[in-house]
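Here's a structure for you.
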Amino acid sequence: NPDVLKKFVSTLKRHAPALFRRIEMFIYDIQPDDFTGEAEEVLKNRKIIIAYNLRREYLPLLGNLFTEISTGAQEDILKTINEGPDFNPSTDMTQEQVDKIRDNWRAMYFGAIKDKLPDPYKKQYQQIIDRQGEPYIDDGEIKSWTGGQSPVTQDELAGMEPEAVIGYLINYKEPDDP
């Protein structure tokens, strides 16, 4: 039900933690016709583009919706990818190492839309691939966890009606444990 999902997304947007952005992007990806405008706002947001912990949902969403968003948004995204990530290299890194990290990052993001890239970016993507090969895809996913337990099990969540999930998220209070 699109109305229930829109209410759910509205609830997600009121919470800052990245988990809520990830769920939001996942919903946009599985229901693109109902959320094209919202997805465009997320996709062109520089902070979201460069956020390490949002890649897992961002890159597939970008690949699926890039041609559905406005030309202006596409240009903003391509410009951000071309500029590369913001990071402060350590003092012991060579310029070659820094360039390789930036190129890998660009190739990872351009790669999500490689069949949709305009010619100048397609050429740049291919030059990166020719120099260093296919990028290492680091989707930002945490592979292990040493913190507290999830407050809701997968089975409990699967058994909840959408309205109940929304209510749970609205009323959720973060525990003191990390």
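The values are calculated or read from the model by the stated rules, or taken from the named source; none is laboratory data. Fair warning: this is a prediction, and the values are worked out from it, not measured in the lab. Every residue, glycine among them, receives a Cβ derived from its backbone with ideal geometry; neighbour counts consider all protein chains shown. What goes into the accessible areas is simple: the full protein's heavy atoms, side chains included, and nothing from ligands, DNA or RNA. Shrake-Rupley method; radii C 1.70, N 1.55, O 1.52, S 1.80 Å.
Within the stretch 1-50, track down each residue that is surrounded by 19 or more Cβ atoms within 10 Å (Cβ to Cβ) and in a loop (DSSP other than H, G, I, E, B).
Listed by number, the residues that qualify are 35, 44.
Assuming residue 157 fulfils every condition listed in (1) at pLDDT 75 or above; (2) surrounded by 10 or more Cβ atoms within 10 Å (Cβ to Cβ); (3) within 28 Å of residue 77 (Cβ to Cβ) apart from one, which condition is it?
(3) is the only condition that residue 157 fails.
I would also like to ask the following. For the stretch 75-97, give me the residue count where each residue is part of a helix (DSSP H, G or I) and free of Cβ contacts under 8 Å to residues at least 24 places away in the same chain.
Counting residues in the stretch 75-97 that are part of a helix (DSSP H, G or I) and free of Cβ contacts under 8 Å to residues at least 24 places away in the same chain gives 6.
Working only within the stretch 63-74, note down all residues that are more than 12 Å from residue 109 (Cβ to Cβ) and either open to solvent by 70 Å² or more (accessible area, probe 1.4 Å) or part of a helix (DSSP H, G or I) (or both).
Across the stretch 63-74, the qualifying residues are 64, 65, 67, 68, 71, 72, 73, 74.
So which residues in the stretch 87-118 are more than 20 Å from the chain's Cα centre (by Cα) and at pLDDT 95 or above, if there are any at all? Quick ask: steps written out before the conclusion?
Within the stretch 87-118, the subset more than 20 Å from the chain's Cα centre (by Cα) is 88-100, 118.
Across the stretch 87-118, the qualifying residue is only 118.
Answer yes or no as to whether residue 68 is in contact with a Ser or Thr (Cβ under 9 Å, 6 or more places away or on another chain) and over 29 Å from residue 100 (Cβ atoms).
Numbers: in contact with a Ser or Thr (Cβ under 9 Å, 6 or more places away or on another chain): yes; over 29 Å from residue 100 (Cβ atoms): yes.
Here the answer is yes, as residue 68 does meet what is asked.
Determine if the stretch 54-62 includes at least one residue that is in contact with a Ser or Thr (Cβ under 9 Å, 6 or more places away or on another chain), surrounded by 16 or more Cβ atoms within 10 Å (Cβ to Cβ) and either outside any loop (DSSP other than H, G, I, E, B) or modelled with pLDDT of 90 or more (or both).
Filtering the stretch 54-62 for residues in contact with a Ser or Thr (Cβ under 9 Å, 6 or more places away or on another chain) gives none.
No, there is no match, as no residue in the stretch 54-62 is in contact with a Ser or Thr (Cβ under 9 Å, 6 or more places away or on another chain), surrounded by 16 or more Cβ atoms within 10 Å (Cβ to Cβ) and either outside any loop (DSSP other than H, G, I, E, B) or modelled with pLDDT of 90 or more (or both).
Under 6 Å between Cβ atoms, at least 6 apart or on separate chains: pull out the pairs that start in the stretch 163-178 with a residue that is closer than 17 Å to residue 27 by Cα and open to solvent by less than 100 Å² (accessible area, probe 1.4 Å) and end on any residue that is at pLDDT 80 or above and not charged (D, E, K, R).
166/8; 166/11; 169/11
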